[in-house]
Amino acid sequence: MREQTHTGRPKAPHAEIAGAGFAGLTAAVALLQRGWTVRVHEKSQELREFGAGILIWENGLRVLEAIGAHDDVLASSSAPPFYETRIHNSTVSKESFGDVRLRAMTRQHLYRSILNAAVREGADIAVGSEVAGADPDGSLVLASGQTLKADLVVGADGVASKVRDSIGFTQTRRKSRDGITRLLVPRHKEELGPGEWDNVIDFWNFEPRVLRILYVPCNDENLYIALMAPWEDPEGSRVPIDLPLWREAFPQLAPVLESAAGMPGRYDRYETTVLETWTSGKVALVGDAAHAMCPALGQGAGCAMVNALALAAAVEGTNDVENALQEWEKKERPITDRCQEKSAFYAETRGMSKGNQFTPTVLEAARHRPTGTF
Ligand SMILES: Cc1cc2nc3c(=O)[nH]c(=O)nc-3n(C[C@H](O)[C@H](O)[C@H](O)COP(=O)(O)OP(=O)(O)OC[C@H]3O[C@@H](n4cnc5c(N)ncnc54)[C@H](O)[C@@H]3O)c2cc1C
């Protein structure tokens, strides 16, 4: 039985959430929409998203609709007509996805849109509040030493999750041989000359060395470029970027690369994290804390948001959170697992370079409607 207030009405169930990233904020909005109270703990002093741009597919866009962030996202994002793949600047495929929507935007814009939804729903977000760990009995422990009790604890604290590691979830973590430097630069559409510069373009070079640039127009002003190089390549992975190296490999993008030169940034190797289980007692892990994946299919944040929304739907109206969490994992996990495996496969084989890789099987996660939410 849920505890009652002095008016006789059942007391609203309460969640403590670690991490105000895409997963944590989505969970917060979706729980608030279902009558929960939530508190989100963010270790940074500022609510912002690291990184440059992001691709969000149909599944993620449906979640944004469900949490009331979709209109904000539309205000400054693009719908690229094609996903084009080129090897040595020669087009190998130009794919479009029919009824599966794909939008590109800056990370800040996506983040702001979700944060606005959280604020509208009345989320209590504590900045500078670092989480040290959690307990399956429904406790969240802060770095300050304070312990907070809840009906549900959500570990949405990213790839280095303290919630996950403090509980000791069995896990394997694998780093990939490639990594990416992500930058946001002005569009430079005029200087790039004639061409279909509103497409996403995946430029691959294999000779004389492996280098790749994913070109993603976010809106009329901002272009997201992701520069991929093996981590063992000191010049390719250097930040700020090695301009002569990149300009020689991709002369067709010279104006863009020149404006990226000197920009601060970070080279990140991809990581795959696989856990034996995503839940323990009243604790659930979502997003990169549970299933960090290689970015080949652009689905890490999409799956994170889908799973956060489905989690809220799973615990709606329940008196048995532990069982609801197990049911949630049973239903939602297989599709994320398959997406993660495919992403790792493409990263290891560099198979996206072949073009025409977005088959119906590969688009499975993008088409997914989480159980009980739509
Ligand atoms: C190169 C690259 C490209 C990508 N491209 C795409 C793409 O196009 N599309 C897509 O869908 N996905 C993409 N992804 C994946 C996507 O970025 C992640 O899956 C997504 O950001 C995960 O969100 P999250 O909320 O789980 O974690 P995070 O975004 O890492 O958020 C975790 C939050 O928790 C906070 N935190 C951490 N530790 C603590 C603590 N101890 N206490 C309190 N707070 C804490 C952090 O400060 C952060 O705010 C890409 C990833 C990479 C590496």
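With respect to the conditions (1) assigned to a strand (DSSP E or B); (2) of a type outside the set (A, V, I, L, M, F, W, C); (3) under 19 Å from Pro80 (Cβ atoms), Gly195 lacks only one, and its number is (1). Selection of region 46-83 for residues being away from the ligand (no atom under 16 Å from the Cβ), in contact (Cβ under 8 Å) with a residue 60 or more places away in the chain and either surrounded by fewer than 18 Cβ atoms within 10 Å (Cβ to Cβ) or under 16 Å from Tyr215 (Cβ atoms) (or both) yields Pro81, Phe82. Between Ala249, Ala226, the distinction of being touching a Lys or Arg at 6+ places or on another chain (Cβ under 6 Å) and either of a type in the set (A, V, I, L, M) or in the same structural domain as Leu102 (by TED's automatic domain parsing) (or both) belongs to Ala226 only.
Taking every residue in region 8-37 that is assigned to a strand (DSSP E or B) and pairing it with any residue that is among the aromatic types (Phe, Trp, Tyr), at least 6 positions away or on another chain, the pairs with Cβ-Cβ distances below 8 Å are His14/Trp36; Ala15/Trp36. When the residues of region 122-162 are filtered to those that are within 9 Å of the ligand (Cβ to nearest atom) and β-branched (Val, Ile, Thr), the one that is nearest to Asn307 (Cα to Cα) is Val159.
Here the strands (runs of 3 or more DSSP E) wholly within region 134-174 that include at least 2 residues being more than 15 Å from Val40 (Cβ to Cβ), over 18 Å from the mean Cα position of the chain (by Cα) and modelled with pLDDT of 95 or more are 139-142, 147-149.
Tally time: how many residues in region 308-321 are assigned to a helix (DSSP H, G or I) and either near the ligand (Cβ under 9 Å from one of its atoms) or farther than 20 Å from Leu110 by Cα (or both)?
Of region 308-321, the ones assigned to a helix (DSSP H, G or I) are 308-315, 321.
If we keep only those that are either near the ligand (Cβ under 9 Å from one of its atoms) or farther than 20 Å from Leu110 by Cα (or both) as well, we get 308, 311-315, 321.
Here the count works out to 7.
Here region 323-343 is the region considered, the condition is being touching a residue at least 12 places away in the same chain (Cβ under 8 Å) and of a type in the set (A, V, I, L, M), and the residue that is surrounded by the fewest Cβ atoms within 10 Å (Cβ to Cβ) is Ile335.
Scanning region 255-295 for residues that are of a type in the set (A, V, I, L, M), buried (at least 23 other Cβ atoms within 10 Å of the Cβ), more than 8 Å from the ligand (Cβ to nearest atom) and free of Cβ contacts under 8 Å to residues at least 60 places away in the same chain yields a count of 1. In this structure, is His41 away from the ligand (no atom under 14 Å from the Cβ) and either modelled with pLDDT under 95 or not small (Gly, Ala, Ser) (or both)? When the stated conditions are applied, His41 does not pass them.
The values are calculated or read from the model by the stated rules, or taken from the named source; none is laboratory data. Treat the numbers as computed from the prediction; the structure is a model and nothing was measured. Here Cβ is always computed from backbone atoms with ideal geometry, including for glycine, and neighbour counts include all displayed protein chains.
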